Amino acid sequence: MRRRLSFALFSLLFAVSLSAAEVQRYLVATTGRVAASSGGTVALRMRDAEPVVVTRNVATFRELGGFAADLTVAEAAALRKSADVRYLEPVVERYAYQVTSRRFDAQVVPYGIDAVRARDAWVGTKGNAINVVVVDTGIDITHGDLSRLYAGGINIIDPKLPVNDDNGHGTHVAGTIAAADNTFGVVGVAPNVKLWAAKVLDANGQGSSASVVSAVDWAIARKREHGGRWILNFSLGSNRSSTFEREAFQRLADNGILAVAATGNDSSATLARPVGFPAGYPTVVAVGAVDATNRIASFSNQGPEVDVVAPGVSVLSTLRRGTGTIAYVATEGTGAATYHGQAPSGAKRGFVNSEVVFCGFGRPGDFPASVAGKIALIQRGADITFALKTRRALEAGAIAVALFNNDDTSNLNWTLSGSGELADIDFDWPVVVGLKRVDGEALKNYRGVIEIGHAADDYGTLSGTSMATPHVAGVAALVWAAQPAATAQQVADALTATARDLGAQGADPTYGAGLVDALEAARLLAPSVFGSPATPEPPAPGKGRNRAVRP
């Protein structure tokens, strides 16, 4: 009768002595049952060979003859010689047969994070110990990218209720400021701040100057209670000022609290509207929006009050859990890229992998026979609705459609049923994703398989000066954390003094001082950490240190 394999525990010291060699996990099939072992390191004494082979991280199989263990190449070779071992093999990967978005594979860094050079400034800090209050619709404090950062808050709309976001706007803003630097979702500009919430807007995004003033009052009290450095983000406003509110913001400044606010979204490509309030108050850093190419967003309000600009077009960030959608097109192979967009209303959810074929503007003669079974790429224009472009693509045999815009700044809030006709409303639309022009142009020259996807998600893209403002609040947190001895005024001055000049030379009503730059602003205030910056141009009149003084 074949005897059982014998195991003997060896000392931890002996196991460690062999652990320096590279190990790999193996499945070892034996001629008989293997008795369960105790501890993570055991030794198998073979009948036919010496010396004893040490095995690590052993998992024995009660009903099967064998075990799994971590072995060096030499140990595996020695085990193969034993009559007690039938064979052994390296373990191989297994994964679920589930079609998923590339977006879910790892953490995504939204384009705005690098546009403001946030990661370059992480060498010194990630916003540690800086308090940032999102004055907005609240925050989804259960969101995986935000929950660990949340420090507290107040619901000014209904003090009996928590600050949970019932709109989604505040959660998106919070993610751009501080989404955690982890292995999933997105990452914010300053992912180590203390995140606070003051809910001043209701589920419809509506509030009042009274609720804003209440938030200011609450924030001043919190600073008196907790101390530290405080930044308030106001991705809200209107075109009407308030004397009481103006005085409240002056009081913020008097207490060394930095306020950052959106300039407003009332402009068009042909008419620039003035900066709204509270951004228009002299003690507030006013933020306009640019797109991924650093051109001013068509909706961004303009005027002499503009301090800086930041990314505000198609910004990817956190949304209330399960309420967002992710829409994208991803290429494969060398130079693989993911282009984030939005799905038109009515589009199917799902994921499609196939080759992409450019089909012009979607006119009857624009669809080559090769588009059958492929993904059609169609440009906006030629006075053809998105619905008609998509129908023609389906008639030509396409299985999904990527539509791209005729500019890079306007919103992608498109629909496949805008006509209101039942034929469109009830139509079984395929997966359709809308993209910016620059992304569509890149795909025109791509040859190969792409993945197009549209799914429910905890993340999504929004556009507006509301999306630009948290980039600046996050940059201010990075700068202040790098130089804790700085005042709020010095942080604000650093933002304008080191901004990347855009548009007309020098400060201007469109771009202000330019695109905010986390690295250069941090260098200016903390040269011992980042190295001395180049001598910056002094702020233009009405900018930075020449505005109303903040302590």
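Residues in the stretch 270-307 that are more than 22 Å from the chain's Cα centre (by Cα), touching a residue at least 40 places away in the same chain (Cβ under 8 Å), surrounded by fewer than 19 Cβ atoms within 10 Å (Cβ to Cβ) and over 18 Å from LEU258 (Cα atoms): ALA272, PRO304.
Quick check: is even one residue across the stretch 377-392 on the phi > 0 side of the Ramachandran plot and crowded, with 20+ Cβ neighbours inside 10 Å? Give the derivation first.
Taking the stretch 377-392 as the starting set, the residues that turn out to be on the phi > 0 side of the Ramachandran plot are 381-383.
From the residues that got through so far, the ones that are crowded, with 20+ Cβ neighbours inside 10 Å too are none.
Within the stretch 377-392, none of the residues are on the phi > 0 side of the Ramachandran plot and crowded, with 20+ Cβ neighbours inside 10 Å.
For the stretch 351-376, filtering for residues that are at negative phi and either among the charged types (D, E, K, R) or assigned to a loop (DSSP other than H, G, I, E, B) (or both) leaves 9. For LYS348, the conditions (1) touching a Pro at 6+ places or on another chain (Cβ under 6 Å); (2) in a helix (DSSP H, G or I) are fulfilled apart from (2).
Looking across the stretch 324-344, not a single residue is of a type in the set (Asp, Glu) and in a strand (DSSP E or B). Restricting attention to the stretch 182-211, the residues that are closer than 27 Å to VAL479 by Cα, modelled with pLDDT under 95 and open to solvent by 10 Å² or more (accessible area, probe 1.4 Å) add up to 3.
For the stretch 129-144, which positions are β-branched (Val, Ile, Thr) and surrounded by 24 or more Cβ atoms within 10 Å (Cβ to Cβ)? Lay out the reasoning, then the answer.
Filtering the stretch 129-144 down to residues β-branched (Val, Ile, Thr) leaves 130, 132-135, 137, 139, 141-142.
Listed by number, the residues that qualify are ILE130, VAL132, VAL133, VAL134, VAL135, THR137, ILE139.
Residues are listed down the side, and each one gets a yes or a no for (1) aliphatic (A, V, I, L, M); (2) more than 25 Å from GLY464 (Cα to Cα):
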{"residue": "THR137", "(1), (2)": "no, no"}
{"residue": "GLY152", "(1), (2)": "no, yes"}
{"residue": "HIS172", "(1), (2)": "no, no"}
{"residue": "ALA180", "(1), (2)": "yes, no"}
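Just the residues that are over 14 Å from LEU515 (Cα atoms) and either charged (D, E, K, R) or open to solvent by 70 Å² or more (accessible area, probe 1.4 Å) (or both), please, taken from the stretch 109-125. Give the steps one after another, and end with the answer.
Initial filter on the stretch 109-125 (over 14 Å from LEU515 (Cα atoms)): 109-110, 119-125.
Within the stretch 109-125, ARG119, ASP120, VAL123 meet the criteria.
Scanning the stretch 466-515 for residues that are open to solvent by 30 Å² or more (accessible area, probe 1.4 Å), part of a helix (DSSP H, G or I) and touching a residue at least 60 places away in the same chain (Cβ under 8 Å) yields a total of 0.
Taken over the stretch 509-550, residues that are basic (Lys, Arg) and at pLDDT 55 or above amount to 1. Kindly indicate whether any position in the stretch 396-406 is surrounded by fewer than 19 Cβ atoms within 10 Å (Cβ to Cβ) and either hydrophobic (A, V, I, L, M, F, W, C) or modelled with pLDDT under 95 (or both). Yes.
When ASP424, ASP428 are checked against the criterion of being among the acidic types (Asp, Glu) and outside any loop (DSSP other than H, G, I, E, B), a single residue qualifies: ASP424.
With respect to the conditions (1) of a type in the set (Phe, Trp, Tyr); (2) farther than 15 Å from ASP136 by Cα; (3) open to solvent by less than 20 Å² (accessible area, probe 1.4 Å), PHE234 falls short on a single one, namely (2). Condition check: in contact with a His (Cβ under 6 Å, 6 or more places away or on another chain), among the small types (Gly, Ala, Ser), open to solvent by less than 20 Å² (accessible area, probe 1.4 Å) and at pLDDT 95 or above. Does ALA310 satisfy that? Yes.
Output the residues belonging to the stretch 44-87 that are modelled with pLDDT under 60 and outside any strand (DSSP E or B). MET46, ARG47, ASP48, ALA49, GLU50, PRO51, VAL52, ARG62, GLU63 - these are the residues of the stretch 44-87 that are modelled with pLDDT under 60 and outside any strand (DSSP E or B).
Please find, within the stretch 115-168, the residue that is farthest from VAL475 (Cα to Cα) out of those that are in contact (Cβ under 8 Å) with a residue 24 or more places away in the chain and among the basic types (Lys, Arg). Residue satisfying both the conditions and the ranking: ARG148. Counting only residues that are assigned to a strand (DSSP E or B) and open to solvent by 10 Å² or more (accessible area, probe 1.4 Å), how many does the stretch 431-450 have? Of the residues in that region, 1 qualify.
The values are calculated or read from the model by the stated rules, or taken from the named source; none is laboratory data. The model shown is predicted, which means the values in this text are computed figures rather than measured ones. Glycine also receives a Cβ, built like all others from the backbone with ideal geometry; neighbour counts cover every protein chain displayed. All accessible areas refer to the heavy atoms of the entire protein, side chains included, with ligands and DNA or RNA removed. Shrake-Rupley method; radii C 1.70, N 1.55, O 1.52, S 1.80 Å.
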